[in-house]
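The values are calculated or read from the model by the stated rules, or taken from the named source; none is laboratory data. Predicted model, so just to flag it, every value in this text is computed and none were measured. Cβ: placed from backbone, ideal geometry, glycine included. Neighbour counts: every protein chain shown. In case anyone asks, the SASA skips ligands and DNA or RNA and just uses the protein heavy atoms, side chains included. Shrake-Rupley method; radii C 1.70, N 1.55, O 1.52, S 1.80 Å.
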Amino acid sequence: MPCNHFMNYITPRNRFQTTFTSLDELISSDHAVRVLDAFVEKLDLKQLQYNIKVLNSEGRPPFEPKVFLKLYLYGYLNGIRSSRRLERECQRNTEVQWLLGTLQPNYHSIADFRKNNSRALRNTFKLYVLFLKEAELLGGKTIAVDGTKVRASNSKKNNYNPKKIERHLKYIEEQTEQYLKQLDSNDREEQQSEPITEVKQKLERLKTQAIKYEALRDTLEGSEQPQISTTDTDARALLVQGQVVEVSYNMQAAVDDKHKLIVATHTLNRNDRNALSGIALEAKANLQATSITVISDKGYHNGRELNKCATENIETICAQQEIVNSNEHGTTEAYLVSKFMYNEPQDTYTCPAGETLRTRGTWHKKSRERDSYMFKKYRTPKCNTCAVKHLCTGRKKGGREIERSEYAKAVSENAARYKANKVLYRKRQEINEHIFGTIKRKWGYSYTDLRGLDKVNGEHSLIALVYNLRRTITILGTKDILEKLKNWKPDYKGIVCAHQKQTSLEANSAKIKLAWSIAA
């Protein structure tokens with residue numbers, strides 16, 4: 001008698017049994033996918049500047065843009081961002097089938113949506129920030145700012161600076177000379193170590209490479225940029241940690257302290273030093289606030305940036321850089337610049353010995369890479385007869401000079417706030433650093449597949465939007481957020497990104513692409 005295999009086990013459903021059900025019955029009432037659907041259905045994609053395709057007189061009708069937005073929100077929420085993988089999910093994933101109504105767009109159409117709607121994705125993120133504000137999930141007063149490096153779609157090998165280009169050209173010159181000597185040797189000797197045709201082919205390849213590197217050198221000299229990349233022309237080699245350098249982008253995020261939600265994000269191709277005012281102003285605009293307090297680490301400490309924030313009614317609590325004596329050698333700790341007291345009404349300094357340093361009022365210019373500022377010099381003739389001059393300065397001729405930057409007031413005010421709010425500053429890490437841990441370590445978004453600063457900005461806005469959606473669901477629960485979305489009336493005024501003119505960086509990128517293609 002044959003044994004019944006399923007006698008002692010739970011019996012599976014017969015594959016050939018006809019059943020009557022609906023997609024909605026397969027998705028629980030508190031499922032996160034219902035939040036994505038409700039959010040997208042509330043949006044007017046035209047006002048958000050999405051590319052809206054119209055029905056042509058002939059051919060197949062296009063997919064509604066909301067289909068792609070829902071698909072990408074679902075994909076990024078579940079760690080899927082490849083257009084080909086998203087195409088497969090449309091065919092086999094019940095949740096995606098419910099979300100899209102069983103529509104199955106092609107991977108190429110899916111990829112084009114993300115690539116062509118970077119500005120609209122940024123607008124969508126900003127609109128959701130307003131929703132969070134209406135839902136009273138944002139404090140809107142204290143914001144923590146930080147950045148993280150995200151690897152670009154450009155290898156180190158395809159990133160060049162002047163030294164690297166000259167090194168390649170020198171190598172090509174040496175190899176060319178070696179092959180030419182080999183040709184001369186082959187002419188004199190009957191026995192050839194290598195066929196002449198092969199040597200000539202190698203010389204031709206070296207000549208072609210030399211033309212490429214010379215074109216890059218000329219383009220770099222005309223671009224006023226310290227480096228260029230040939231795969232993604234906007235990507236830059238940035239210091240990631242310690243001495244580690246990667247060709248990457250710098251993703252900035254401003255995080256509200258109430259529920260640790262992102263209120264502003266944009267991506268740069270430079271380090272944090274010149275980034276504070278940009279992200280702080282964006283956070284203030286997105287919150288539609290009159291004033292905010294921004295906390296940042298010492299990597300953001302820059303007099304010009306602090307001054308910009310001060311003029312825009314943004315209070316900064318930025319950690320101070322380590323004080324380095326920029327004057328003469330031989331200065332002891334008791335006579336560092338910080339020990340000289342500034343008297344604002346008289347515009348003078350008082351040294352530790354009690355003497356007064358005055359200025360002639362002349363402004364001088366100091367230039368550093370990507371940065372320049374004006375400053376005044378303060379001196380006193382009493383230095384020549386001072387008994388402690390050897391402790392104050394190592395200069396034999398003249399005396400001690402104090403330089404005061406045009407941004408010194410903003411720097412000193414920030415320093416006072418930092419000293420008075422050290423407890424608040426210590427909360428900075430718990431407000432914003434875990435966000436990058438979630439995005440890069442847990443979700444795996446430590447790199448970008450897109451190329452170009454504008455497209456990368458769009459993707460990172462999408463990531464920030466998905467992070468906020470996930471966290472909102474955790475805070476409120478699905479039912480509460482669905483109710484709030486139902487009663488929400490989106491306000492599109494003020495959130496739309498203006499069409500920016502082509503920047504010098506973008507113009508230089510176009511030149512690099514053209515020069516590289518011509519040389520190739």
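Condition check ((1) touching a strand residue (DSSP E or B) at 6+ places or on another chain (Cβ under 9 Å); (2) among the aliphatic types (A, V, I, L, M); (3) open to solvent by 50 Å² or more (accessible area, probe 1.4 Å)) across all residues:
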site: E87; (1), (2), (3): no, no, no
site: T94; (1), (2), (3): no, no, yes
site: L99; (1), (2), (3): no, yes, no
site: T102; (1), (2), (3): no, no, yes
site: Y107; (1), (2), (3): no, no, yes
site: F113; (1), (2), (3): no, no, no
site: R119; (1), (2), (3): no, no, yes
Of all residues in region 45-70 being within 26 Å of the chain's Cα centre (by Cα) and not in a helix (DSSP H, G or I), the one that is surrounded by the fewest Cβ atoms within 10 Å (Cβ to Cβ): N51
Region 359-388, subset surrounded by 14 or more Cβ atoms within 10 Å (Cβ to Cβ) and within 13 Å of I402 (Cβ to Cβ), residue farthest from the chain's Cα centre (by Cα): C383
So I110, is it assigned to a strand (DSSP E or B) and β-branched (V, I, T): no
Yes/no for A410 being among the small types (G, A, S) and crowded, with 19+ Cβ neighbours inside 10 Å: yes
Odd one out for V245, checked against (1) in a helix (DSSP H, G or I); (2) open to solvent by 30 Å² or more (accessible area, probe 1.4 Å); (3) under 30 Å from G452 (Cα atoms): (1)
Test: R119 is assigned to a helix (DSSP H, G or I), free of Cβ contacts under 8 Å to residues at least 12 places away in the same chain and in contact with a helix residue (DSSP H, G or I) (Cβ under 8 Å, 6 or more places away or on another chain): no
Test: residue in region 291-298 that is closer than 16 Å to K149 by Cα and open to solvent by 20 Å² or more (accessible area, probe 1.4 Å): yes
Given (1) touching a Cys at 6+ places or on another chain (Cβ under 9 Å); (2) open to solvent by 40 Å² or more (accessible area, probe 1.4 Å); (3) under 17 Å from N307 (Cα atoms), number of the condition P352 does not satisfy: (3)
Lone unmet requirement of (1) touching a Lys or Arg at 6+ places or on another chain (Cβ under 8 Å); (2) in contact (Cβ under 8 Å) with a residue 24 or more places away in the chain; (3) among the hydrophobic types (A, V, I, L, M, F, W, C) for L23: (1)
Unmet requirement for K419, which otherwise passes all of (1) surrounded by fewer than 17 Cβ atoms within 10 Å (Cβ to Cβ); (2) in contact with a Leu (Cβ under 9 Å, 6 or more places away or on another chain); (3) of a type outside the set (A, V, I, L, M): (2)
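So that you can scan it fast, the table gives a plain yes or no per residue for (1) over 19 Å from I143 (Cα atoms); (2) in a loop (DSSP other than H, G, I, E, B); (3) touching a Cys at 6+ places or on another chain (Cβ under 9 Å):
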{"site": "V423", "(1), (2), (3)": "no, no, no"}
{"site": "I431", "(1), (2), (3)": "no, no, no"}
{"site": "H434", "(1), (2), (3)": "no, no, no"}
{"site": "R451", "(1), (2), (3)": "yes, yes, no"}
{"site": "D454", "(1), (2), (3)": "yes, no, no"}
{"site": "N457", "(1), (2), (3)": "yes, no, no"}
